[in-house]
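Everything below concerns the one structure shown next.
The values are calculated or read from the model by the stated rules, or taken from the named source; none is laboratory data. In this text the structure is predicted, and so the values were computed from the model without any measurement. Neighbour counts are summed over all protein chains in view; Cβ atoms, including those assigned to glycine, are modelled from backbone coordinates with ideal geometry. Ligands, DNA and RNA are excluded from the accessible area calculation, which covers all protein heavy atoms including side chains. Shrake-Rupley method; radii C 1.70, N 1.55, O 1.52, S 1.80 Å.
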Number of protein chains: 2
Amino acid sequence: MRIYLIFLKFESIIKTMSNSSRKILSEHSVSITNPRILVLEALLEFGNPITIDELQLKLKDSVAKSTLYRVLNDLKRINILNEFTSPDNSTVVELILEDHPHHHHLFCSDCGEVIDVELSDEFELMLTKEIEKIQKNFNFEIKDHRVEMIGLCTEECANCK
Amino acid sequence: MRIYLIFLKFESIIKTMSNSSRKILSEHSVSITNPRILVLEALLEFGNPITIDELQLKLKDSVAKSTLYRVLNDLKRINILNEFTSPDNSTVVELILEDHPHHHHLFCSDCGEVIDVELSDEFELMLTKEIEKIQKNFNFEIKDHRVEMIGLCTEECANCK
DNA sequence: CTAATAAATGAGACTTATTCTCATTTATTG
DNA sequence: CAATAAATGAGAATAAGTCTCATTTATTAG
């Protein structure tokens, strides 16, 4: 009985993710197809930024490699996917959801994990001021910034030796 | 006469770069070879961070592709070369010279130029404090950080359309 | 200064991530 | 439900970076 309830809960999470995937696609007037739903579901389920390698593993049996890349490009085009390169040179993607505030990234150079971190408002304010100075000094128009922190996720990580 | 003097000056700059290249190599007990000198000279001459593509162009007729990559790996190994990925996904390298202080990068998303920028001491201090907080919250040991600024080098750039 | 040896190089084959092609399948719309 | 445009899968093509191996170069002992 308990197991069954857990299963129901699990099923409903899956259904919810499938629904949000469909919603995301239709909101951006992108046609709703199976590979797109599967990719979005995988990204929603994982929650954190994920390397394309890992994503490919998760979807190996359901989405062709070429389609995966195409879908990722579709999501970038409609501005709901952020792509960047980790310090160990793997390509990492993450969904940009409406409720996802401005944030930065923390990389474990051992296991490759990528974690979203928000920095304090005071810090962001100060960075904005620095950026204004730089803009003037270098005659540059700065549109975006990133703070990357690289280190080791010291404790009890199953993937770090 | 004037031209000749200019030539002499130019020649002496080249000689200086060759000398510093040799010095750099011997200081790190790396054997002094022609490709290594040529790569170091190119990096010293360019001065700014440079994409591997551009570097390859500059050295096309003097250093084999495989050797270029090998030399870059050698320089990374002795910790005098910093490698990172620009927002448009090209690999960028830059020499880390002794007199080169801690700095960050400004990227032009139009022409691809990469510029070194130093941020204020107050800013770096505040970032250090933020990082301490993050370390505690996430049980992470942060070893390094990067601030990347992305924008457009608005004025009179020959390479931007 | 030279010979012996270890290390580095060049050329091109190989690998891997990403994009492209094209025949087939699927979604959308009327 | 049929027509049409768009998306997909499979695998070929491309490009960045690494590897192999025969040849060349740097280093060092004598």
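Listed peptides B:51-58, B:94-101, A:142-149 appear in the order A:142-149, B:51-58, B:94-101 once ranked by packing, highest mean of other Cβ atoms within 10 Å at the front. Can you give the FRET efficiency to the nearest 0.05 for B:LYS76 and B:ASP144, using r as the Cβ-Cβ distance and R₀ = 22 Å? My answer for the efficiency is 0.95. Put a plus charge on the Cβ of each Lys and Arg, a minus charge on the Cβ of each Asp and Glu, and nothing anywhere else: the dipole of segment B:1-100 about its Cα centre is then about 380 debye. Contact residues in segment A:49-90 (at least 10 Å² less accessible area with all protein chains than alone, 1.4 Å probe): A:GLU83, A:THR85, A:PRO87, A:ASN89. Paramagnetic label reach from A:ASN159 (point 7 Å along Cα→Cβ; backbone nitrogen cut-off under 13 Å): within segment A:96-117, residues A:106-116. In chain B, the calculated helix contribution to ellipticity at 222 nm averages -16000 deg cm²/dmol per residue, counting -39,500 (n - 2.57) for every DSSP H run with n ≥ 4. Could you tell me which of B:CYS157, B:SER90, B:ASN79 has its Cα farthest along the dipole of segment B:12-161 towards the positive end, charges placed at Cβ (Lys, Arg +1; Asp, Glu -1), taken about the Cα centre? Checked the options; the winner is B:ASN79.
Here chain B yields Rg over Rh of 1.03, to two decimals, using C-alpha coordinates and the Kirkwood radius. What the Cα convex hull of the protein assembly as shown gives, in volume per residue, is 204 Å³.
Assuming charge only on the beta carbon of Lys and Arg (+1) and of Asp and Glu (-1), the dipole of segment A:25-72 about its Cα centre is about 200 debye to the nearest 20. Probing with 1.4 Å while keeping every protein chain in the model, the per residue accessible area of segment A:101-161 equals 55 Å².
With the simple spin-label model, which puts each label point 7 Å out from Cα in the Cβ direction, the B:THR16 to B:ASP121 separation comes to 2.9 nm. Over all Cα atoms in segment A:101-161, the spread is summed up by Rg and Dmax: 15.5, 47 Å. Excluding ligands, DNA and RNA and using a 1.4 Å probe, chains A and B jointly bury around 3400 Å² of accessible surface, summed across both partners. For chain B, the carbon plus sulfur part of the accessible surface works out to 51%, probe radius 1.4 Å. When the charge dipole of segment A:49-161 is built from unit charges on Cβ atoms (+1 for Lys and Arg, -1 for Asp and Glu) and taken about the Cα centre, the candidate among A:LEU119, A:HIS103, A:ILE142 whose Cα reaches farthest toward its positive end is A:ILE142.
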